[in-house]
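Following: one structure in structure tokens, then a few remarks.
The values are calculated or read from the model by the stated rules, or taken from the named source; none is laboratory data. Note that the structure is predicted; figures quoted are calculated from it, not measured. Cβ atoms come from the backbone with ideal geometry, glycine included; neighbour counts cover every protein chain shown. These accessible areas exclude ligands, DNA and RNA; they are computed on the full protein's heavy atoms, side chains included. Shrake-Rupley method; radii C 1.70, N 1.55, O 1.52, S 1.80 Å.
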Amino acid sequence: MSLVLEPPPPPLSKSKTGAPLRRCFTSIRTALPPPNHRFRASRFPLHPTSSSRPTVTVVLKTEKEKNAVTEQKDPPVRIVAVVGQGSVSPLKCTPWEEVMMHTAKRLKWVDEGYDMVVVTDNFHQSNYQTAMDLQKELACADILLVVAVTNQDSVKWIGTNSRNIPNVICFESDPGLVNKLGGSYVHSEMKGSIFDKVVGISQLKKTDETKEVVQTVSEAWDRCNSDDIRFCLLVIINAYIQPVPTLKNLRSKGFSTLNCMVKNCGPQILDCLMDPNCRKALQCLNKCSPVDQVCNYRCIASFESPKLEAFSLCVLQKNNCLDLDAKIPEKPYVQPMLKFRGKDLCHETAEDLFVGWMGSLDWSWRVVAGQNPAYDQFPCQYQLFYRGKAKGSFWYEPVFQVKTLEGELVWRRRKYRVKRANVPGTFYFSVLDNGVVSKEYWTIVDVSEDFSWGLFHYHGAARVAGQSYTGAVLVSPDGTYPKQTQSNRLSSALEKCGIKEWELYTVDNCACQDPPLGIPEGSSLHSMLDAKDQSWSSV
């Protein structure tokens, strides 16, 4: 799993007047109180789905009622996304309307209570009822997301009808549109002493929190991928509406964290601070939002070292000083392929599909493209699958390149233990990555009969690091995209994962000299499929 670490942001667009369009917001919070607007009972007819939010069990911990249990249902989170009519996103020139409709679907994977309506900004040109319905939906919206809206009639209408919405975020849009977070306006630049007068001493902490949210959302949006678009909304929900379990704050929880670290990991902390690479890693991580997996893993991959591994192993894995417990996501459910070359898939054949080209080549597969922005997009990704010496053992070793934050190109390698799940074509993976154990559930979605390409999907979590994630990798023997004749089958395989082809980030396989490949001596490869007798053409 890997990603190109710092994909360039899209070029700054300009409006017809020549003024730069509002791409992101970057500054401060005023002391305006949030309006009490939430959860009015209107519904917009274009709403994609109805919500059925899961019930949460709350244990009351008073002495008299410590065993009592009550059930409560959190209200839905309502989001309205308004996109410019005919506007095109930087995601392989996909229309923004399609991107946002897909985002609405992906939000449901996190929580069925997250409802997002998507409309284009030609509503003021439509019939009167359409505009009235949108007004009703805005009246109970928690978040208004405005993307690529530059039409002046639309800008005025949005400005008039969004005054009571506590969270308004505008991207790629007319600079006249105003951003708000938690009911407070977010200006485009610091105002020096005016900032101090407006905010007041009591607001300083909240202002710092808002600045962190603004920075996190702006940086995530600039990465231009579907995961980070959804992530932007989750960050705002978590900060200003209700907690998002997958985005628990990962910073120190005060004295208990510090006490745990000092009591159990003093030597490891000292060694890390004395080591230049480990110290850089901690400094880098401290600058990231704790919920931003892309930023955090970029730091880890750039500055990994034995000292960092020992630090993380003690503080997080062994002692869980941050007291976190991330779970492997259950959605989307992805069905494995059922047959290969006309025969029902069995466990042995499924393992052989992973082993792939190993034997004919020095690797099993090369990654063509990936979906997860934190783990799937590193350059030059080689997958090595093989059977170990011990009976029933199976291993996966990805080898990939990292362009560090200091501009150096380095090779990285991980080693996963792989075990069969109940259904053929599904597997449990586990790895110790820089001192933290990640556990993953992989699915072989499809592999072509001639082994010219394959698609693998995974759900994962680094429990004690508070990180849960999903992703998918498209693979081929030489790292090139499948032929056009395979496009329908590939689209069908991606659809099984809930992934659009425009979500995939193409891996850079141009400069992959001298990868550190090789598998342990005595390892075995295919069981049901003999690599020497494979009927497909050699690469």
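Key figures for this structure:
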read-out	value
For the stretch 265-311, alpha-carbon Rg relative to the globular expectation (2.2 N^0.38 Å, N residues)	1.08
Per-residue HN-Hα couplings for the stretch 503-512 [Karplus 6.51, -1.76, 1.60; θ = phi - 60°; Hz; x = Gly/Pro]	7, 6, 9, 5, 6, 7, 10, 8, 10, 10
Principal axis dimensions, the stretch 126-188 - Cα atoms, whole angstrom, descending	35, 24, 15
Accessible heavy-atom area order of Ile269, Ile237, highest first, probe of 1.4 Å	Ile269, Ile237
Solvent accessible area, Å² - Glu406, 1.4 Å probe, full protein context	110 Å²
Cα gyration tensor shape of the stretch 311-366, rounded if a/c is under 1.5, else prolate or oblate by comparing a/b with b/c	oblate
Volume in Å³ per residue [convex hull over Cα atoms, computed for the stretch 339-534]	136 Å³
Spatially proximal aspartates and glutamates relative to Lys415 (Cα-Cα < 14 Å; intrachain offsets below 8 disregarded)	Glu397, Asp433, Glu440
When each of Lys92/Lys500; Lys92/Lys156; Lys180/Lys500; Lys339/Lys391; Lys156/Lys211; Lys280/Lys403 is checked by Cα-Cα distance, pairs over 21 Å	Lys92/Lys156; Lys180/Lys500; Lys339/Lys391; Lys156/Lys211
Coordinate range along principal axes, alpha carbons of the stretch 281-383, Å, largest first	53, 32, 25
Listed peptides 370-383, 154-167 by packing density, highest first (mean Cβ within 10 Å)	370-383, 154-167
Peptides 103-114, 140-151 ordered by average Cβ neighbours within 10 Å, highest first	140-151, 103-114
Per-peptide average of other Cβ atoms within 10 Å, ordering 271-284, 343-356 highest first	343-356, 271-284
Reachable aspartates and glutamates from Lys331, criterion Cα separation under 12 angstrom, eight or more residues apart if same chain	Asp111, Glu112
